[in-house]
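The values are calculated or read from the model by the stated rules, or taken from the named source; none is laboratory data. The model shown is predicted, which means the values in this text are computed figures rather than measured ones. Neighbour counts run over all protein chains shown; Cβ positions are idealised from the backbone, glycine included. Heads up: the accessible areas ignore ligands, DNA and RNA and are worked out on the full protein's heavy atoms, side chains in. Shrake-Rupley method; radii C 1.70, N 1.55, O 1.52, S 1.80 Å.
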Amino acid sequence: MNNTPVVSLQDLEVIFKGKQGFIDQYILRKKKLVHAVDGLNLDIAPGEIVSLVGESGSGKTTTGRAILQLTPLTSGKVLFKGEEIEPRNRQYMRNFRREAQMIFQDPYQSLNPRFNVFEIVTEPLLFEDRSYSLAEKEILALQALEFAGLRPAIDYLYRFPHELSGGQRQRVSIATCFIMSPDFIIADEPVSMLDASVRADILKLFVNMKEERNTAFLFITHDLSLAWLISDRVAIMYLGKVMEIGPADIISGKCQHPYSQALTSVLAMVGEERRQKKILLEGETPSPIDIPSGCRFHPRCPIAVERCRVEEPPYHEVCPGQFVSCHFPGPPERLRR
Ligand SMILES: Nc1ncnc2c1ncn2[C@@H]1O[C@H](COP(=O)(O)OP(=O)(O)OP(=O)(O)O)[C@@H](O)[C@H]1O
Ligand code: SF4
Ligand SMILES: [Mg+2]
């Protein structure tokens, strides 16, 4: 069995230049830097679904874009199947773009409105080393559309995006990914704009791809309940850093970071009565331009002490495979005193 991770992030850091006003630029001469991703380490195994969960602005999309080299890294490395990605090597990138794909949140914007479904779904084949006949392309497109749940596929093959519903467009995006049989897919909020009835079907398609083709996923969402539903592991991100990561069932019931505990306390588990009181966090998420010292969560943490303000917590492995970046990991009861 091959144990090499499909994707390995090593101290991944992405810093953007923030917008500067006249005073910052010319009088204070201060640079505003947005620390969107701040030292991320993560391995994703073949056939594994890892969810990256966090509030708006926590750095989820930037992480996904950095993995695919759509956003330049400031420092750190992304390894794909054990080798560092070579963004300047055109042949390497051609192969990489076949093997690693992204599905975006907005199916309205991610499809070219001037192309019909056949042209959209078969476009990735243009980057293959071999050429395909029209008949071959049609067969592959029909298979991919069938897989993505557009049935009978022939009814959709020559439609344009404006002739499809949101759910159907997202299925076209999935068919476009499927045709290349990628080993790794980043799905960035892929169902957040879809009706609840379509959501479950689309999530099932991801699980089918994982099970039938051993495809690995980075599933980006702000919705913890979706993450639990389909993931093997869940990573909770806050201000560019993973606060806690572990098996999905452990993160759902036995997370040990105060931030994860606050997030989980506001969600009722499927089929389970909510017995615990909610943990309400005070204050807003600080700006990634001005990341708090020590533990970045300290201004909102109900149990922060002086040490938290000065010392960045390392990761503690509190259970096998469950890592928590907190000086005082423990059960949620300690937050409710
Ligand atoms: N190109 C850019 N230039 C400057 N800042 C950026 C850029 N892209 C993202 N950011 C900033 O980086 C931070 C992380 O953004 P990102 O889009 O990764 O968050 P997110 O977790 O995906 O949020 P959401 O849930 O709203 O999609 C934010 O503060 C955002 O404003
Ligand atoms: S390190 Fe301190 S501030 Fe940070 S989460 Fe743990 S207890 Fe809270
Ligand atoms: Mg995003």
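Report yes if ILE202 is in contact with a strand residue (DSSP E or B) (Cβ under 6 Å, 6 or more places away or on another chain) and away from ligand 3 (no atom under 16 Å from the Cβ), otherwise no.
no
Of the numbered conditions (1) more than 16 Å from ligand 2 (Cβ to nearest atom); (2) of a type outside the set (Lys, Arg); (3) within 14 Å of THR264 (Cβ to Cβ); (4) at pLDDT 95 or above, ILE186 satisfies every one except a single condition; which is it?
Every condition holds for ILE186 apart from (3).
Within the bounds of the stretch 152-162, is there any residue that is in contact (Cβ under 8 Å) with a residue 40 or more places away in the chain, more than 20 Å from the chain's Cα centre (by Cα) and in a helix (DSSP H, G or I)?
At the first step, the residues of the stretch 152-162 found to be in contact (Cβ under 8 Å) with a residue 40 or more places away in the chain are 157-162.
If we keep only those that are more than 20 Å from the chain's Cα centre (by Cα) as well, we get 157-162.
Pick out the ones that are also in a helix (DSSP H, G or I) and you get 161-162.
Scanning the stretch 152-162, I find at least one residue that is in contact (Cβ under 8 Å) with a residue 40 or more places away in the chain, more than 20 Å from the chain's Cα centre (by Cα) and in a helix (DSSP H, G or I), so the answer is yes.
What are the residues in the stretch 62-101 that are of a type outside the set (Gly, Ala, Ser) and within 16 Å of ligand 1 (Cβ to nearest atom), if any? So that I can check it myself, show each step before the final result.
Within the stretch 62-101, the subset of a type outside the set (Gly, Ala, Ser) is 62-63, 65, 67-74, 77-81, 83-99, 101.
If the condition is that a residue be of a type outside the set (Gly, Ala, Ser) and within 16 Å of ligand 1 (Cβ to nearest atom), then THR62, THR63, ARG65, ILE67, LEU68, GLN69, LEU70, THR71, PRO72, LEU73, THR74, VAL78 are the ones that fit.
Restricting attention to the stretch 51-80, which residues are in a loop (DSSP other than H, G, I, E, B) and open to solvent by 30 Å² or more (accessible area, probe 1.4 Å)? Before you say what the answer is, go through the steps one by one.
Looking only at the stretch 51-80, we keep the residues that are in a loop (DSSP other than H, G, I, E, B), and these are 55-59, 68-74.
Selection gives GLU55, SER56, GLY57, GLN69, LEU70, PRO72, LEU73, THR74.
Among the residues of the stretch 1-33 satisfying the criterion of being at pLDDT 95 or above and open to solvent by less than 30 Å² (accessible area, probe 1.4 Å), which is nearest to LYS210 (Cα to Cα)?
Among them, the one singled out is VAL6.
Just checking, does the stretch 38-45 include any residue being open to solvent by 50 Å² or more (accessible area, probe 1.4 Å), more than 16 Å from ligand 1 (Cβ to nearest atom), under 26 Å from ILE230 (Cα atoms) and modelled with pLDDT of 95 or more? Let's see the steps before the verdict.
Kept after step one, since they are open to solvent by 50 Å² or more (accessible area, probe 1.4 Å), are these residues of the stretch 38-45: 41, 43.
After this cut, where a residue has to be more than 16 Å from ligand 1 (Cβ to nearest atom) as well, the list is 41, 43.
Restricting the remaining residues to those that are under 26 Å from ILE230 (Cα atoms) gives 41, 43.
Imposing the further condition that a residue be modelled with pLDDT of 95 or more reduces the set to 41, 43.
Yes, there is a match, as at least one residue in the stretch 38-45 is open to solvent by 50 Å² or more (accessible area, probe 1.4 Å), more than 16 Å from ligand 1 (Cβ to nearest atom), under 26 Å from ILE230 (Cα atoms) and modelled with pLDDT of 95 or more.
Would you check if ASP155 is within 22 Å of LEU79 (Cα to Cα), open to solvent by 40 Å² or more (accessible area, probe 1.4 Å) and not β-branched (Val, Ile, Thr)? Step through it out loud before you land on a result.
Details: within 22 Å of LEU79 (Cα to Cα): no; open to solvent by 40 Å² or more (accessible area, probe 1.4 Å): yes; not β-branched (Val, Ile, Thr): yes.
So ASP155 does not fit the description; no.
What residue, of ALA235, ALA248, is of a type in the set (A, V, I, L, M, F, W, C), more than 21 Å from GLY39 (Cβ to Cβ), in contact (Cβ under 8 Å) with a residue 60 or more places away in the chain and in contact with a strand residue (DSSP E or B) (Cβ under 9 Å, 6 or more places away or on another chain)? Spell out the reasoning first.
On the way: ALA235 fails: more than 21 Å from GLY39 (Cβ to Cβ).
Sole residue among the options that is of a type in the set (A, V, I, L, M, F, W, C), more than 21 Å from GLY39 (Cβ to Cβ), in contact (Cβ under 8 Å) with a residue 60 or more places away in the chain and in contact with a strand residue (DSSP E or B) (Cβ under 9 Å, 6 or more places away or on another chain): ALA248.
Could you tell me whether SER225 is out of contact with any His (no Cβ under 6 Å at 6 or more places or on another chain), in contact (Cβ under 8 Å) with a residue 40 or more places away in the chain, part of a helix (DSSP H, G or I) and within 19 Å of GLY64 (Cβ to Cβ)? Give the steps one after another, and end with the answer.
Numbers: out of contact with any His (no Cβ under 6 Å at 6 or more places or on another chain): yes; in contact (Cβ under 8 Å) with a residue 40 or more places away in the chain: yes; part of a helix (DSSP H, G or I): yes; within 19 Å of GLY64 (Cβ to Cβ): no.
No, not satisfied.
How many residues does the stretch 228-267 contain that are open to solvent by 10 Å² or more (accessible area, probe 1.4 Å), of a type in the set (S, T, N, Q) and at pLDDT 95 or above?
Selection size over the stretch 228-267: 2.
State the number of residues belonging to the stretch 87-141 that are aromatic (Phe, Trp, Tyr) and open to solvent by less than 60 Å² (accessible area, probe 1.4 Å). Talk me through it step by step, then tell me what you get.
Initial filter on the stretch 87-141 (aromatic (Phe, Trp, Tyr)): 92, 96, 104, 108, 115, 118, 127, 132.
Narrowing the set further to residues that are open to solvent by less than 60 Å² (accessible area, probe 1.4 Å) leaves 92, 96, 118, 132.
The number of residues fulfilling the criteria is 4.
The rows are residues; the columns are (1) among the polar types (S, T, N, Q); (2) at pLDDT below 95.
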| position | (1), (2) |
| --- | --- |
| THR63 | yes, no |
| LEU73 | no, no |
| GLY76 | no, no |
| GLY82 | no, no |
| MET93 | no, yes |
| GLN105 | yes, yes |
| SER110 | yes, yes |
| VAL121 | no, no |
| GLU128 | no, yes |
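In the stretch 210-227, which residues are within 23 Å of GLY167 (Cβ to Cβ), buried (at least 22 other Cβ atoms within 10 Å of the Cβ) and hydrophobic (A, V, I, L, M, F, W, C)?
Within the stretch 210-227, PHE217, LEU218, PHE219, ILE220, LEU224, ALA227 meet the criteria.
Any idea how many residues of the stretch 300-337 are within 26 Å of the chain's Cα centre (by Cα), near ligand 2 (Cβ under 9 Å from one of its atoms) and open to solvent by 60 Å² or more (accessible area, probe 1.4 Å)?
So the answer is 1.
So, in the stretch 278-307, of the ones that are within 16 Å of ligand 1 (Cβ to nearest atom) and of a type in the set (D, E, K, R), which residue ends up farthest from VAL34 (Cα to Cα)?
Initially, the stretch 278-307 is screened for residues within 16 Å of ligand 1 (Cβ to nearest atom), giving 284-292, 296-297.
Imposing the further condition that a residue be of a type in the set (D, E, K, R) reduces the set to 284, 290, 296.
On the way: GLU284: 17, ASP290: 8, ARG296: 14 Å.
Filtering the stretch 278-307 for residues that are within 16 Å of ligand 1 (Cβ to nearest atom) and of a type in the set (D, E, K, R), the one farthest from VAL34 (Cα to Cα) comes out as GLU284.
Given ASP195, ASP201, which one is in contact (Cβ under 8 Å) with a residue 40 or more places away in the chain and of a type in the set (Asp, Glu)? Full working, then the answer.
Working: ASP195 fails: in contact (Cβ under 8 Å) with a residue 40 or more places away in the chain.
Criteria check complete, one pass: ASP201.
Conditions tested, residue by residue: (1) away from ligand 1 (no atom under 16 Å from the Cβ); (2) within 18 Å of the chain's Cα centre (by Cα); (3) not in a helix (DSSP H, G or I).
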residue	(1), (2), (3)
ILE174	yes, yes, no
ALA187	no, yes, yes
VAL191	no, yes, yes
GLU212	yes, no, no
